[in-house]
Amino acid sequence: MSTSATTTETPAVTTPGQRSEPATATGALSKAAQPASVPAADSSKGPGRTSIASVVVRKIAGLATREVPGVHELGTGGKRAVGAVRQRIPGSGGPSAAQGVSVEVGEKEAAVDLDVVVEFGASMVRVADAIRTNVIRSVERMTGLSVVEVNVSFDDVYVPEEDTAGGGRVQ
C-alpha cells in the first residue's frame with residue numbers, strides 16, 4: 001500500500017506482550033497483532049479459520065476459576081484495589097472477569113497463570129486441583145485449544161473478620 005492511500009482504522013487486536021496495532025480497511029494486520037487461530041471444532045464442514053483473542057481465553061479461565069469453592073477473589077493486592085475503586089464508579093459494571101488471569105495463546109495451545117485469594121480454612125491443594133480441572137475443561141471445551149498448563153499462585157487468604165472489623169477504637 002502506498003503512503004498516500006487513505007485507510008480506515010478498525011479496533012486494535014493485541015496478543016499477550018504485544019502493543020496494540022490497528023487493522024486497516026483491507027483487513028491487513030501485522031503478524032504480531034493477529035489473534036490466535038485455531039481450527040474450528042469440526043473443520044470438515046468447509047474451509048476457514050476461527051480466531052480466538054487472548055482476552056477471550058482470559059475471561060473463560062477467570063470465570064471458571066471463580067466457580068470453584070474456596071476461591072474468594074482473583075488478582076494481586078494492587079489489582080484488587082484498583083478493581084474495587086473501579087466498581088464504585090457508576091456505569092463501570094462489575095468486577096473484570098479477566099482480573100488476576102494472564103494467558104499465552106498459540107495456534108493450538110494455551111497456558112494460564114492465575115493469582116488467587118483463597119478463603120480461610122480451604123485446602124489450597126484441593127482448591128488448586130479443582131481450579132486446574134475446571135479451567136482446563138472450560139477452555140478446551142469452549143475454544144478447542146489444548147491447555148498445556150495452569151499455574152495457580154495463592155497471593156492472599158480471605159478472612160471474613162477483616163471485612164467486618166471497625167476502622168478504629170472509637171465507634
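Quick note: the coordinates plus some simple rules give every number you see, no bench work behind them. Not measured: the values here are computed from a predicted model. Ideal geometry is used to build each Cβ from the backbone, glycine not excepted, and the neighbour counts take in all protein chains shown.
Residue exposure proxy: Val147, Val159, ordered by other Cβ atoms within 10 angstrom of their Cβ from fewest to most, comes out as Val159, Val147. For Leu74, nonlocal amide neighbours, meaning residues 5 or more places apart or on other chains whose placed amide H falls under 5 Å from its own, are Val117. Remark: segment 131-143, residue by residue, has Karplus-estimated 3J(HN,Hα) of 4, 4, 4, 5, 5, 4, 4, 5, 5, 5, 5, 7, 10 Hz, where x stands for each Gly or Pro and the curve is 6.51 cos²θ - 1.76 cosθ + 1.60 at θ = phi - 60°.
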